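Encoded as structure tokens, the structure appears first; notes follow it.
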Amino acid sequence: MQVLQVQLEVGPDPAEVGRARRWARSRLAGSGIGEDEPLAQTLILLISELVTNAVVHTGCPAVLRMLFGGCAAGAGTGRAGSGAGTVRVEVSDASARPPLPRHADGEDTSGRGLELVDGLADRWGWRLESVGKSIWCEVDRTAPAVPSAPEAPAVSSATSVSPLSAASPVPPVSSASAIRPEVGPGAETSDAVGARGARGMEAYAPSRAVTHRS
């Protein structure tokens, strides 16, 4: 896989640190890394620390390089890898003095450069060159997570409705609880009508004549 490399020559002047930051922002934007992305902010901070370490503490000119597409295969060897998803920063200067990480106290205004690099970079190291040295660091570019589709809520067995089984027994209906037709107001049942009709028939029955014999 092709690796894109860009570089900038930096003079031995503290003002060059700001120019290096502006140059790095434009190169990051050209590679598709927006200025507001966390990756871009991390890389700008790393570049600022490495360039400051080169031009301020050594007093020598330096060369800033950015490589897009390198991987961790070159970690510890000082050589750029060929995988995608990693941005590599290198700062070379003419001083052969090795970098010495220091632990700065709370009131110190300097001495935190390499400690910050160690905390922000995924990998970092240094190597001697034919003239001077080169300090490098790598930051992996992670892909955003793809949100998964929400799962359908599970149906509780307590609320599920199951069809009535054909083998389920049907409770018998007793004769006392047999269904009768409803009787509305003013209506009479057949039993009541029969009783009233019998009484009426008695009222209209002919009277029998009684003959008295002497």
Multiply the residue gap between Leu128 and Gln2 by 0.36 nm, knock off their C-alpha separation, and tell me the result in nm, one decimal place.
42.8 nm
Please state the Cα pair-distance histogram of the stretch 1-53 with 10 angstrom bins from zero: what percent is in each bin?
23, 53, 23, 1
Can you list the residues of the stretch 3-23 with backbone N under 12 Å from a point 7 Å past the Cα of Ala94, pointing along Cα to Cβ?
11-12
I want the local charge near Gly11. Using Cβ-Cβ distances under 15 Å, sum +1 for each Lys or Arg and -1 for each Asp or Glu among the other residues.
-1
Can you tally the net charge around Leu64? Count Lys and Arg as +1, Asp and Glu as -1, for every other residue whose Cβ sits under 11 Å from the Cβ of Leu64.
0
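All of the numbers you see were taken from the coordinates with simple rules; none came from a lab. Quick caveat: nothing in here was measured; it's all calculated off a predicted structure. Virtual Cβ from ideal backbone geometry, glycine too; neighbours counted across all protein chains shown.
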